[in-house]
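Notes for the one structure printed next.
The values are calculated or read from the model by the stated rules, or taken from the named source; none is laboratory data. These numbers come from a predicted model, not from an experiment. Positions of Cβ are backbone-derived with ideal geometry, glycine not excepted, and every protein chain shown enters the neighbour counts.
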Amino acid sequence: MTVGYLEVISLIERLHRQLLEVVKLELDGIGIHDINNVQGMILFNIGDAEMTVGELTLRGCYLGSNVSYNVKKMVENRYLARERSVHDRRSIHVRLTDKGRDLRDRLSVMHQRHVKMLSQTAITEADLQGVGMTLRRLEQFWISASVISQQPGQFAAEQHVFRDNPAS
């Protein structure tokens, strides 16, 4: 199982980078140069919602500092509007502007084109559903592992067990 697990981790990373490359090529192809591929995916993930930067971090696969920087750049380029929460002044809400919605719609066309292209491959809807289910299980596993890893002394206890085990 070790080899399979490590292969899946590597594949997930490569697939994410490949998706970002496809988004970059799409942005270049439609003449959008004031936003990068990660920012394009953030816009796509916001959709029609209004959310906090923290919610955006949880919703996507972005680190907090990266989201903050990218949100700042997207506000400067008028893809996003941001405002402080009236209930919690530390919290900032973001939503797409008209310019942001237009780009999100253009990226939606790209995704629709990809769905049509998928229908011409050997990849079936059942395949996609199976992969999705497996990735959600892996996500739940990593969430559980992160909770366990945050328990005080967790790693020290494991190291002690391995040190005292003559077989290791």
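Quick notes on this structure:
- Candidates Glu21, Glu26, Glu13, Glu7: the one that is surrounded by 13 or more Cβ atoms within 10 Å (Cβ to Cβ) and either at pLDDT below 95 or assigned to a helix (DSSP H, G or I) (or both) is Glu26.
- Residues being buried (at least 17 other Cβ atoms within 10 Å of the Cβ) and among the polar types (S, T, N, Q) - total across region 31-70: 5
- So Gly31, is it small (Gly, Ala, Ser), out of contact with any Phe, Trp or Tyr (no Cβ under 6 Å at 6 or more places or on another chain) and assigned to a helix (DSSP H, G or I): no
- Test: Thr124 is polar (S, T, N, Q), out of contact with any strand residue (DSSP E or B) (no Cβ under 9 Å at 6 or more places or on another chain) and surrounded by 11 or more Cβ atoms within 10 Å (Cβ to Cβ): yes
- Residue selected from region 77-120 under the condition among the aliphatic types (A, V, I, L, M) and under 17 Å from Ile42 (Cβ atoms), by the criterion surrounded by the most Cβ atoms within 10 Å (Cβ to Cβ): Val94
- Residue within region 145-153 that is part of a helix (DSSP H, G or I), out of contact with any His (no Cβ under 6 Å at 6 or more places or on another chain) and of a type outside the set (A, V, I, L, M) present: yes
- Matching entry among Val94, Val86, Val71 (being hydrophobic (A, V, I, L, M, F, W, C), outside any helix (DSSP H, G or I) and in contact with a Leu (Cβ under 9 Å, 6 or more places away or on another chain)): Val94
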